[in-house]
Amino acid sequence: MKVVIATIVILALFFVGTFYIGQYVQNASEEILNSAQKIDRAIQQERWEEAAAYIEDLNVKWSDIKKRWLLFMEHYEIDIVDTTIAKLERYVELEELALSTGEVVNLEQAIDHIVKKGSLELSNIL
């Protein structure tokens, strides 16, 4: 009987923890995606200084989020986001409209992939 109770408690903790982490990832990813949209609007209007300022804000947010995500996410996925932000920053410095826009899309896709991969769905469990 004690084994059954212990198993139920462990499973409950697992699912509650998974739900909490999922909510955190969802909220953090929305914050990053909002920043990416601001950067994209500034790039489309060719306001390069404004885009660079938004990227600085994104770097601060990402630095904080990354520390937490490293605890429960695959490092490979996080490395992709790091690389994309670095490329985006450089393309904005060079005022490359097409390349900057492409990297914003890459960033959005990378974040969306992380969220979908980490969500608690039957397809991710099996």
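Since every read-out is calculated from the coordinates, none of them should be taken as a lab result. No experiment lies behind these values; they were computed from the predicted model shown. All Cβ positions, glycine included, derive from the backbone under ideal geometry; neighbour counts span all protein chains shown.
Starting with the fewest neighbours, write out H75, H113 ranked by other beta-carbon atoms found within 10 Å of each beta-carbon.
Final ranking by Cβ density, sparse to dense: H75, H113.
Cβ under 12 Å from L33's Cβ, L33 left aside: what net charge do those residues give with Lys, Arg +1 and Asp, Glu -1?
-3
I want to verify a result. In a Gaussian network model of the chain, Cα cutoff 10 Å, which of these has the top mean-square fluctuation: V81, V25, V60?
Of V81, V25, V60, the most mobile in the Gaussian network model is V60.
The list (i) 65, 14, 8; (ii) 43, 14, 11; (iii) 37, 12, 11 gives values of semi-axes √(5λ) of the Cα gyration tensor in Å, and only one came from this structure; which label was calculated from it?
It is the value labelled (iii).
Could you identify which residue out of Q45, Q109, Q23 has the top mean-square fluctuation in a GNM of the chain using Cα springs shorter than 10 Å?
Q45
Are any of the pairs K87/K117; K87/K116; K2/K116 more than 32 Å apart by Cα-Cα distance, and if so, which?
Cα-Cα > 32 Å for K2/K116; rest within.
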